[in-house]
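The values are calculated or read from the model by the stated rules, or taken from the named source; none is laboratory data. Predicted, not measured: the structure shown is a model, and the values here were computed from it. Note that each Cβ is placed from the backbone with ideal geometry, even for glycine, and that neighbours are counted across all protein chains shown. Note: accessible area is taken over every heavy atom of the protein model, side chains too, but ligands, DNA and RNA are not part of it. Shrake-Rupley method; radii C 1.70, N 1.55, O 1.52, S 1.80 Å.
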Amino acid sequence: MYVAYPISGLLSLALALPTGMLLVRVFIVQHDCGHGSFFASRRANLLVGRLCSLLTLTPFANWAHQHALHHANWNNLERSGGSDIYSACLTVREYLALSRRHRLLYRLPRHPLVANIVLPPLVFLLLYRVPFDTPRAWARERWSVHLTNMALIALFGTLVALLGWREVLMVHLPIMVVASILGVWLFSLQHRFETARWTARDDWNFVAAALDGSSWFSLPRVLHWLTGNIGFHHVHHLNPHVPNYRLRAVHEAVQPLRPTPPLSLRRGLAAPWLTLWDEAAGRLVRFRDARPLAPLDAAGAGV
């Protein structure tokens, strides 16, 4: 892209698409290093994960800790009060109990265009520059943010001094926009799809939540490679210590024993619209499908 930019800005911009997809793969390497699964060596995981963080603009230790919290309790309806618009989900009953104003505030950031197009670049470029949602007791995670910021200032300051601010901006900004949009879209459909299972804490089961609440996104092999095999997300949740380059093999071993239906690319494109859990139907629905549940009569039957 740096070579192409003096020749044609449009050519450089066009190269942002494959470069952004490759950056998604780099992020998956960082993700695996955060789980301690990419290498057998803990030191190698830390070193490579931190180097990846300079490309993904994502503080390594801080993000790894937040992601570990996700793995501790995903697809749990009792996490609906969380601020994560991608991993938390209200039931239809809870949503309808909100005032009109609060319904709007809940819906706006979850509209697919906002959640999957507008917010992702802002998250990676701005939100990850501050130790959000990190208690002061987590000193390591807070320092991860600050040290990453200082390293990025040194890195991009050097690039600007050598190449010019316009070149650096027109190369790296489009890459981050493409990579963040693709990455967040993949993340959003990992637990939000037509057959996804969400349960209350008392009914939550680790194996069922992994195999029924996490997607197997069936993609062509080249797209699986570019996305670091994260489409085999059900296997990843079953055992996050399996590195991405072993997920397909584990999937092929588990599938005959406990079949998981695939999520097609077409259904993956529609999945971000699924935003509420319908307790009566036992499935995720769109906002427009939210209907009040039938009232109960004195005998407890629906009227």
Counting only heavy atoms of protein chains, what accessible area per residue, in Å², does the stretch 1-155 have with a probe of 1.4 Å?
53 Å²
Let a ≥ b ≥ c be the square roots of the eigenvalues of the Cα gyration tensor of the stretch 1-136; is it rounded (a/c under 1.5), or, if not, prolate (a/b larger than b/c) or oblate?
oblate
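So, with a 1.4 angstrom probe, what is the percent of accessible area on the stretch 28-174 that is carbon and sulfur?
On the way: 5450 of 7960 Å².
With neighbouring chains kept in place, the figure for the stretch 28-174 is 68 percent.
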Whole-angstrom gap from the stretch 1-51 to the stretch 165-210, using each part's C-alpha centre
17 Å
Range of Cα positions in the stretch 150-206 per principal axis (Å), largest first
57, 24, 12
Would you work out the relative contact order for the stretch 146-239, in percent, from Cα pairs under 8 angstrom that are 6 or more residues apart?
21 percent
Projected onto their principal axes, the Cα atoms of the stretch 144-284 stretch, largest extent first, over whole-Å spans of 58, 34, 32
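At a 10 angstrom cut-off on C-beta neighbours, averaged per residue, how do the peptides 143-152, 230-239, 213-222 rank from highest to lowest?
On the way: 143-152: 16.6, 230-239: 23.5, 213-222: 18.2.
In descending order of packing, they fall as 230-239, 213-222, 143-152.
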Before anything else, pin down the relative contact order of the chain: Cα pairs under 8 Å, at least 6 apart, normalised by residue count, whole percent.
24 percent
Expected vector for the stretch 189-204, Karplus 3J(HN,Hα) from phi with 6.51, -1.76, 1.60 and θ = phi - 60°, integer Hz, x for Gly and Pro, equals 9, 5, 10, 10, 7, 4, 9, 4, 10, 10, 9, 6, 4, 5, 9, 6
Global form of the stretch 126-220, assessed from the alpha-carbon gyration tensor, a/c cut-off 1.5
oblate
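Dividing the convex hull volume of the alpha carbon atoms of the chain by its residue count, what do you get in Å³ per residue? Before the final figure, lay out the partial values.
Details: hull volume 50.6 nm³, N = 303.
With only Cα atoms used, the chain gives 167 Å³ per residue.
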With each run of n ≥ 4 DSSP H residues scored as -39500 (n - 2.57), what mean residue ellipticity at 222 nm is computed for the chain after dividing by its residue count and rounding to the nearest 500 deg cm²/dmol?
-16000 deg cm²/dmol
What number, in percent, do you get for the relative contact order of the stretch 148-303 if the mean sequence gap of Cα pairs under 8 Å and at least 6 apart is divided by its residue count?
21 percent
Of all the accessible heavy-atom surface of the stretch 229-294, with the other protein chains kept in place and a 1.4 Å probe, what percent is carbon and sulfur?
56 percent
Label points 7 Å out from Cα along the Cβ direction at residue 156 and residue 67: separation in nm?
2.1 nm
